[in-house]
Structures are given as structure tokens and as C-alpha cells.
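These notes are about the structure you will find just below.
The values are calculated or read from the model by the stated rules, or taken from the named source; none is laboratory data. As the structure is a computational prediction, the values presented were derived from the model and not from experiment. Counting neighbours? That spans all protein chains shown, and the Cβs are built from the backbone with ideal geometry, glycine included. These accessible areas exclude ligands, DNA and RNA; they are computed on the full protein's heavy atoms, side chains included. Shrake-Rupley method; radii C 1.70, N 1.55, O 1.52, S 1.80 Å.
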Amino acid sequence: LPTIVATSVWLQMVWEALSVLEPLPLLLSPGQERALWQRVVSRSSATPTMFSNDAMVAEATRAWRLANAWRCPEPLLAGDDTLDVQAYFSWQRGFQSALKKNNWITHAELSSRLEAYFSAETVWPAHLNWTRVITLPTVQDDPALAKLLITLQARGFAHAELTWRDTPTAPQCKGFAREADEWQAAAVWAKAQIASNAQAQVVIVVPQLHAVRHRVKRVMRDVLVPQHWGDP
């Protein structure tokens with residue numbers, strides 16, 4: 001029977017197997033990573049004093065995971081001068097400095113590091129004796145992981161993807177006369193998705209969000225939580 005594990009566990013298994021062959025950075029556990037974020041956030045001068053450190057640590061951890069999955073370098077958002085973005089980058093620099101100083105690595109970085117490792121035509125470790133990987137379609141939500149799988153295929157490993165039974169909805173393109181109309185339509189769509197599935201994860205991408213943040217928030221609030229109209 002196949003071994004069925006979470007993606008994070010599988011990546012950890014591969015990393016630990018490679019660590020037997022050569023010295024690699026120590027992989028932090030989720031608890032250790034959170035403790036490091038807590039230390040960085042609490043000691044940073046960029047941390048606002050009126051907010052919860054625990055909440056900011058959770059958001060910083062999530063942002064770090066997304067940045068690594070999508071390989072988003074800091075300069076990509078350098079033009080966004082909002083306080084939350086600048087505070088995060090300040091924390092990220094402190095976090096990365098601690099990782100480098102102590103030769104540590106986090107789970108969020110594994111896909112990219114393994115992809116670089118196996119792209120170098122290194123000898124495949126004999127004790128990694130699997131030859132086929134089967135994933136769920138959600139692997140496409142993590143571009144770094146998807147790229148690792150492509151690299152493994154180039155090394156001769158088979159990759160199969162399980163398919164959902166439901167037929168995916170075809171993408172739609174709509175035009176709007178005003179930005180506000182587009183935001184409202186997006187909010188109405190999001191509300192419908194959540195109404196049909198309370199566990200749904202909905203993403204709305206707004207170009208140049210830093211320039212229209214307050215207007216977008218007002219439209220989203222009026223549609224998604226109208227009972228809190230006027231609540232700051």
C-alpha cells in the first residue's frame with residue numbers, strides 16, 4: 001500500500017533523508033518557528049504597540065509561507081508604503097538573519113531548497129527508494145511545490161494527480177464601468193461562495209491595493225457584513 005502523508009510531512013521526510021548524506025540546515029518545527037517569530041516581533045522597533053503580538057506572529061508566519069510558495073522577493077512590494085507591509089519586511093529581515101546565523105530552515109522553504117538540490121543533477125540517495133508521487137489537485141496552489149514535482153519528473157520519477165469528481169467551473173471575465181462596481185461584484189461573489197460552503201477559502205486580488213485600500217474595505221464591509229455598517 002502507498003504511504004499517505006501530508007505534503008509538509010513528505011517534504012520533511014525527504015529533507016531528513018538527505019541530511020544523512022551531508023550536513024544541511026536544521027529544520028525548525030512549527031513550534032520552534034513560531035517562537036522565533038515571537039522573539040523577532042516582540043523585539044522589533046517596527047512592531048506597533050497597540051496590537052496583539054500573538055496575532056501579528058500568526059500573520060507573519062502566514063505571510064512567510066505565502067512569500068516562499070510564490071517566491072515573492074521583498075522588492076516586489078517595495079512600493080507599498082503601508083505600515084503593515086513595511087513592518088512585516090522589518091520582521092522578515094530579522095527572521096532571515098536569525099535563520100542564517102544559526103543555520104536553520106523552515107518548512108516554508110523546503111520546496112524551493114529541494115528543487116534547487118535536485119536540479120543540480122546530484123546523485124539520488126539510495127535510501128529514498130520511492131519512484132512515484134501522487135498528489136491532490138491543490139498542489140497547484142503552491143507553485144514552489146509544483147516546480148519541485150516537475151524537477152522530480154525530469155529525474156525520472158512518475159507524478160500522478162488525483163482528480164476531483166466535481167467538474168470545475170469555467171473561468172469568467174466581466175467588464176465594469178467603475179472600479180467600485182467591480183469590487184462590489186467581487187464581494188457579492190465571495191458572499192455566495194461562503195454561503196454555499198462555510199469552509200471555503202476565497203481570494204480576491206486587487207491591483208495597487210495600497211492606493212485604494214480604504215475604498216475597497218468599505219465596499220467589502222457593506223456587502224459582507226452590512227450589520228456592522230459604520231463600525232470602524
Report summary line: If you go through 139, 212, the only one that is surrounded by 13 or more Cβ atoms within 10 Å (Cβ to Cβ), at pLDDT 90 or above and assigned to a helix (DSSP H, G or I) is 212
Query raised in the report: If a residue has to be more than 30 Å from residue 219 (Cα to Cα) and either open to solvent by less than 40 Å² (accessible area, probe 1.4 Å) or in contact (Cβ under 8 Å) with a residue 40 or more places away in the chain (or both) to count, how many in region 142-185 make the cut?
Result: 10
**Report entry** Odd one out for residue 61 among (1) modelled with pLDDT of 90 or more; (2) surrounded by fewer than 17 Cβ atoms within 10 Å (Cβ to Cβ); (3) in a helix (DSSP H, G or I)
**Finding:** (2)
**Report entry** Residue list for region 110-136, filter: open to solvent by 50 Å² or more (accessible area, probe 1.4 Å), polar (S, T, N, Q) and touching a helix residue (DSSP H, G or I) at 6+ places or on another chain (Cβ under 9 Å)
**Finding:** 119
Query raised in the report: In the set 14, 5, which member is modelled with pLDDT under 90 and closer than 30 Å to residue 123 by Cβ?
Result: 5
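Would you mind stating whether residue 18 is part of a helix (DSSP H, G or I), buried (at least 16 other Cβ atoms within 10 Å of the Cβ) and in contact with a Pro (Cβ under 7 Å, 6 or more places away or on another chain)?
Numbers: part of a helix (DSSP H, G or I): yes; buried (at least 16 other Cβ atoms within 10 Å of the Cβ): yes; in contact with a Pro (Cβ under 7 Å, 6 or more places away or on another chain): yes.
Spelling it out, residue 18 is indeed part of a helix (DSSP H, G or I), buried (at least 16 other Cβ atoms within 10 Å of the Cβ) and in contact with a Pro (Cβ under 7 Å, 6 or more places away or on another chain).
For residues that are in a loop (DSSP other than H, G, I, E, B) and modelled with pLDDT of 85 or more, scanning just region 72-109, find the one that is surrounded by the fewest Cβ atoms within 10 Å (Cβ to Cβ). Write out each step before concluding.
Keep residues of region 72-109 that are in a loop (DSSP other than H, G, I, E, B), which gives 72-73, 78-82, 103, 106.
Checking the rest, the ones that are also modelled with pLDDT of 85 or more come to 103, 106.
Working: 103: 10, 106: 21.
Within region 72-109, the match that is surrounded by the fewest Cβ atoms within 10 Å (Cβ to Cβ) is 103.
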